[in-house]
Amino acid sequence: MPRPSLNLTDEEKLERKRIASRKYAKKIRENRSKEEREKILKYNKEYYQQNREKELERARNYSKTPQGIKSSFISSWKQKGIICVDYDLMYEKYINTGNCEYCDKEFKNSLDRHLDHDHSITDKPNVRGILCRSCNVFDILKST
C-alpha cells in the first residue's frame, strides 16, 4: 500500500534531510573507536600544520563571499544567544530591512543595524526586531 503524501514544502523536505544527515553523522562519530578518533585528530592536525597558509588563505577568501558573510552573521547571532526558527529567513529579513522597526530611521550603514532579542528567553525564539543603534541601546522594545 503506498504511503500517503505529506504535502511538505521544499524547505520542510530540506530540513528533514538536514536532520537525517546530522543524525547519521552523529551516529558515525559515536561508533568510532577511541583509536580511530585519535588517528583522525592527528591527521587533521598534521595536515593543518603542513598547509597552514593555504588553509588561512582559503578561510580569508571564504569570509569575503556572500555565503561566508551570511555564515559569519548567523554564527555571531548564535554566540550572542539569538534564537530563531529559520536563521536563513532571518538573515534575508535582516539584510533587506532598510529602516528601524521602531522609529523608522533609515540605516546609514551596516553598523547601525542591530538584531534585538530578549536575553531572558533561552529556550525558544527570542528575536524582538531589527532596530537602529540608538533604539537597541535604550532597549526600547524591552517593555513591549
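No value in this document is a laboratory result; all are computed from the given coordinates. Keep in mind the model is a prediction, meaning the values are calculated, not measured. Here the Cβ is made from the backbone with ideal geometry for all residues, glycine too, and neighbour counts use every protein chain on show.
Summary value for region 83-144: 35 percent relative contact order, contacts being C-alpha pairs under 8 angstrom separated by 6+ residues.
Sorted on the mean count of surrounding Cβ atoms within 10 Å across their residues, most packed first, peptides 54-62, 91-99 read 91-99, 54-62. Residues whose amide H falls under 5 Å from that of Gly129, counting only those 5 or more places apart or on a different chain, are Asp116, with hydrogens built in the peptide plane. When only Cα pairs below 8 angstrom with a gap of at least 6 residues are kept, the chain shows a relative contact order of 15 percent. Calculated mean residue ellipticity, 222 nm, the chain: -18000 deg cm²/dmol, from DSSP H runs (n ≥ 4) at -39500 (n - 2.57) each, averaged per residue and rounded to 500.
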